[in-house]
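The values are calculated or read from the model by the stated rules, or taken from the named source; none is laboratory data. The structure presented is a predicted model; accordingly, all values stated were derived computationally and were not measured. Backbone-built Cβ (ideal geometry, glycine too); neighbour counts: all protein chains shown.
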Amino acid sequence: MPRSNRPRGRKPGSGDAVEPDLSTLLSGWRHTESKRDGEWNVQPVPAAKALKVYLCPGCSLEIATGREHLVAWRADGVTGDAADLAARRHWHTHCWRLK
């Protein structure tokens, strides 16, 4: 049988894999933002993990299930981390940017 000369492509795991940079690894993780009213912990919620309906405090409209959004809570609260975490709120991404 004659040999085929067409390229076969690379085999998976050939050692030339591109390593993701730090910003790619950290995307989607909790971070801290400064707003007019202080420091806030902000964590994105992807659409696949948005399983409940929430009320956005920015616009007072519902955040539907399956819609990506943000969860925010105080990072500089005086009542302690547990109380700040219990007071977290779910925001539309757009509404949070306008805050």
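Determine the pairs where a residue that is in contact (Cβ under 8 Å) with a residue 60 or more places away in the chain, located within region 69-87, has a partner that is surrounded by fewer than 17 Cβ atoms within 10 Å (Cβ to Cβ) with Cβ atoms under 8 Å apart, the partner being 6 or more residues away or on another chain.
Matching pairs, first to second residue: none at all.
Can you tell me which condition S60 does not meet? The list is (1) surrounded by 11 or more Cβ atoms within 10 Å (Cβ to Cβ); (2) closer than 15 Å to W96 by Cβ; (3) of a type outside the set (D, E, K, R), and all the others hold.
(1)
So G28 clears everything in (1) out of contact with any strand residue (DSSP E or B) (no Cβ under 7 Å at 6 or more places or on another chain); (2) at pLDDT below 85 except one condition, right? Which one?
(1)
Filter region 56-71 for residues that are hydrophobic (A, V, I, L, M, F, W, C), touching a strand residue (DSSP E or B) at 6+ places or on another chain (Cβ under 6 Å) and within 11 Å of H92 (Cβ to Cβ) and give the result. It would help to see each step written out before you state the result.
Taking region 56-71 and keeping what is hydrophobic (A, V, I, L, M, F, W, C), we get 56, 59, 61, 63-64, 70-71.
Cutting the leftovers down to touching a strand residue (DSSP E or B) at 6+ places or on another chain (Cβ under 6 Å) gives us 56, 63, 70-71.
Result: C56, I63, L70.
Looking only at region 78-99, count every residue that is surrounded by 17 or more Cβ atoms within 10 Å (Cβ to Cβ), more than 18 Å from the chain's Cα centre (by Cα) and outside any helix (DSSP H, G or I) and tell me the total.
So the count comes out to 0.
Which of the residues belonging to region 59-77 are among the hydrophobic types (A, V, I, L, M, F, W, C) and assigned to a strand (DSSP E or B)?
Initial filter on region 59-77 (among the hydrophobic types (A, V, I, L, M, F, W, C)): 59, 61, 63-64, 70-73, 75.
Hits for region 59-77 are I63, L70, V71, A72, W73.
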